[in-house]
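**Q** Before I ask anything, here is the structure I am working with.
The values are calculated or read from the model by the stated rules, or taken from the named source; none is laboratory data. Not measured: the values here are computed from a predicted model. Glycine also receives a Cβ, built like all others from the backbone with ideal geometry; neighbour counts cover every protein chain displayed. The area values use the complete protein model at the heavy-atom level, side chains included, leaving out ligands, DNA and RNA. Shrake-Rupley method; radii C 1.70, N 1.55, O 1.52, S 1.80 Å.
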Amino acid sequence: MSATIFFHLGLIAYAAAAVIFFAHLAKATERRARLAGRSLLIGFGFHGVAVAMRFLEISRGGAFRLAEGLSFIAFLVVGAYLLLGRWYRIPTIGAFVAPLVVATLLPAHAIPAAEVGGNRPFDGPILPLHIGVAVGGVALFALAFVVALLYLLLEREVKAKKPGAMFRRLPSLDLLDRLNYQLVLLGFVMLSITIGTGAFFSQSETGIFFALRSKEGFSLLAWLVVALVVLLRQTIGWRGRRVAWATMAGFVLLTSAFAGVFTGVSL
């Protein structure tokens with residue numbers, strides 16, 4: 001069986017999970033929450049096979065395309081959500097994660113095959129480390145974006161003193177804030193590694209240790225935003241809506257950097 005078949009099976013399971021999660025939002029039941037979680041896990045399994053097969057093809061000389069980048073990010077977002085589910089009961093967050101993953105995978109299947117890196121095999125450990133950590137960092141910030149968005153929506157509902165049924169099933173504001181920061185902190189570490197390893201490839205491609213193209217520029221801006229969040233959190237206890245907005249800004253900058261990988265536009 002080809003990677004495409006497993007990809008489609010995973011996409012179908014993710015779509016089913018999204019539908020069930022929405023049904024859970026309309027009327028929460030334990031059965032629907034379990035069924036949605038299992039459907040997401042099944043999709044993750046099929047998708048994981050497709051990702052592994054494509055990774056082997058890339059490692060043997062296949063091009064790393066935009067479609068693979070989106071697919072790998074979506075896979076890691078689901079993995080991170082499922083891992084968080086071992087500690088937190090957060091099916092309402094899943095109702096946002098599953099549609100986001102489907103929305104990411106549909107263009108991954110339909111968009112033109114923009115490539116990066118040429119048709120060269122991995123000639124050492126740094127390139128796969130760079131790609132893997134970069135994709136993992138974007139995935140963590142994508143999940144943090146969802147958590148930050150839910151924090152802002154829940155905070156607005158609480159201030160209005162008219163929380164809807166969906167928001168009554170969300171975790172507390174304090175838990176969402178702590179979860180957001182944990183994701184941002186781990187994403188910050190991975191982003192730092194990405195920038196560090198990327199500098200070596202920049203030197204080999206352009207002769208400049210850190211060429212200021214769109215991907216480097218947006219990555220650096222995202223790093224500065226997140227570094228400020230971490231610094232202010234550790235020094236003055238910065239939290240709440242300001243951290244949520246900064247998280248969302250960092251994610252937008254990272255998606256711009258990700259797009260720059262496939263355009264090579266200079267700033």
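**Q** Show Val189, Val78 ordered by accessible area, largest first, where the area counts protein heavy atoms only and the probe is 1.4 Å.
**A** These residues rank, largest area first, as Val189, Val78.
**Q** Normalised by the residues of the stretch 1-73, what does the relative contact order come to in percent, with Cα pairs under 8 Å and at least six apart?
**A** 40 percent
**Q** Compute the distance in nm between two label points, each set 7 Å from the Cα along the Cα-to-Cβ direction, one at Val189 and one at Asp174.
**A** 2.5 nm
**Q** Additional query: Between Lys159 and Val252, 0.36 nm times their residue separation minus their Cα-Cα distance comes to what?
**A** Working it through step by step, the gained length comes to 30.8 nm.
**Q** So, one more: For the stretch 232-249, in order, what is each residue's ³J(HN,Hα) by Karplus, 6.51 cos²θ - 1.76 cosθ + 1.60 with θ = phi - 60°, in whole Hz (x at glycine and Pro)?
**A** After applying 6.51 cos²θ - 1.76 cosθ + 1.60, I find 5, 5, 6, 9, 10, x, 4, 7, x, 5, 5, 5, 4, 5, 5, 4, 5, 5 Hz.
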